[in-house]
Amino acid sequence: MPLMPWRFYRYLLADVLRQFSITAVILVIVIAFGAAIKPLSSDSLLTGWDTLKYLAFAVVPMLQFALPFAAAFAATIGLHRMAQDNEINAMAVSGQSYVRLLAPMALFGVILTLIVALLTQSIIPRFVGKMTATMSNDLPKLLASSIRQHAPFVQGNMIIWAEDIFIIEDGDKEIMALEHMAAAKIDNTGRASMYLTAASSVVDIQRLNGQTSMLVKFKDSAQWSSNEDGSGLLRGAKEGQLTHAIDLPSMSKQRPSSLTRSDLLALRTTPRNYSRVNTAASALEAALTERSFIAGVRDSFDKTNSITCDTVTGERQIIIEAKSMKKNVFFPPIHVTSINSAGEVRNLFPQSAQLLFDQSESGDFDFVSLQMKDVSIGSPEAGQNKRVELVVPLRIRGVTSDPLVAETIPELFLVAKEDPSKKIQRSVDILKQQLTYMEGQIIGRVGQRWAVSLLPLLAIILGSLFAIRFPSTPPLSVYAKVFVPTVIALLLVFAGGQMVRDARVVSGFSVMWSGNIGLTLLVLFSWMKLRKT
């Protein structure tokens, strides 16, 4: 059998690669513009320079979609023209096998598959992160744009709205003043666990170690917070601030789609680098710290059936006496003694009282709030001097809170195992769920990227076989026979990847690879048909 001339190989590859490069450039630009429609349609979110950066970053992620279809188009059109001109038949009659004829296309497919694998596993995630950073790194612009459009600014579980905003630039510092601000904190069920309204507020932008955060301070505010038992607490303050800073996405808190294969696999050894696991672990640490602090308060009370405290403001001493205390609730008769710095004594007799624990982001208890209802001032029988509710921020003497910070997740589980309370075990279950979710993200995204990488090879070979089998059919019709099953395979890959991330591993991987298996069977069927001709 005569050897295939290298001139034919060079001619075939040059023609295919020329059409491939033109088609790929057109497809990438079109798809990149499609990805930029949403941010471009939002008024004032992106400047002209930001738009160019966003489009440039979007080009690379779109390669995983454009390359398989551009390569299949080039292979189909190039070989179809040669089949129409009877060049393929001439080579076959001269003793060349279809294996030799299709060898350049197979080599092209293998190289392109390796390129797509490198892109999807290592390069594209970095550019996805850059696209996210382009949209979120300018906090004043995003917040100001939302407020000026009379739309709420949503970041994480915090929602902020205001009537107007003023941006103040003081050197490197960025300060925003909000007029008539309202904020809400949303819990896991989608309900508000905290409402806050303020006549005015100031947002201080902080950038530290690649993390951008904003700290909200306010004046003349009213705040409502929900308690675990379903009740609420209403407070007012001349000045205050949100206990938790609002963080923007950073390189250490990116979405899983922004993590490379090595970054995803590294999460198994350092799961707290994954934001959802870290949030659940921090919540468990906070719950354990709270239980320890409450136990310390109760132990202090049990010694004398009283607790001595200092007010956060006003330099007063507060002594709480009650018949008994369970968890954070005092049981009557309850007597609260208030002593100011001059030694003046004031007696309070509430019908019910409880301690509300305000935990900071670091896990500390900077203060607790004594909530008293139906309070008689002066004597238990005082009828005229009576208040419906009093809330006093306090610091308890002799009781300190040492935030629990476990070095590893297993250590945290061991500490939590010693506390059988429902709240702790519920936090443990949430952390386990997030660990399972993280594992689904890892195997789902890595597997999805491998499945996408195989599409160029299968699409190129299928297009080449169809081009030779149907020389009398219009070339675009032949390409449509390749395009449709390849699109279906691509959709199945991403649908299966989402199923794996939703903890449906077996069914998810079955769907993920079913498209590629279908293309492989179609290639084998076409090859058998071609050999019979």
Sorting Ile318, Val329, Ser300 by the position of each Cα along the dipole of the range 291-396 (Lys, Arg +1; Asp, Glu -1; all at Cβ), the one nearest the positive end of that ordering is Val329
Pairs of Cα atoms farther than 17 Å apart, the range 291-396, % = 51 percent
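Every number here is computed from the coordinates shown, using simple stated rules; none is lab data. Computed from a prediction, not measured in an experiment: that's the story for all the values here. In this analysis, Cβ positions are derived from the backbone assuming ideal geometry, glycine residues included, and neighbour counts consider all displayed protein chains.
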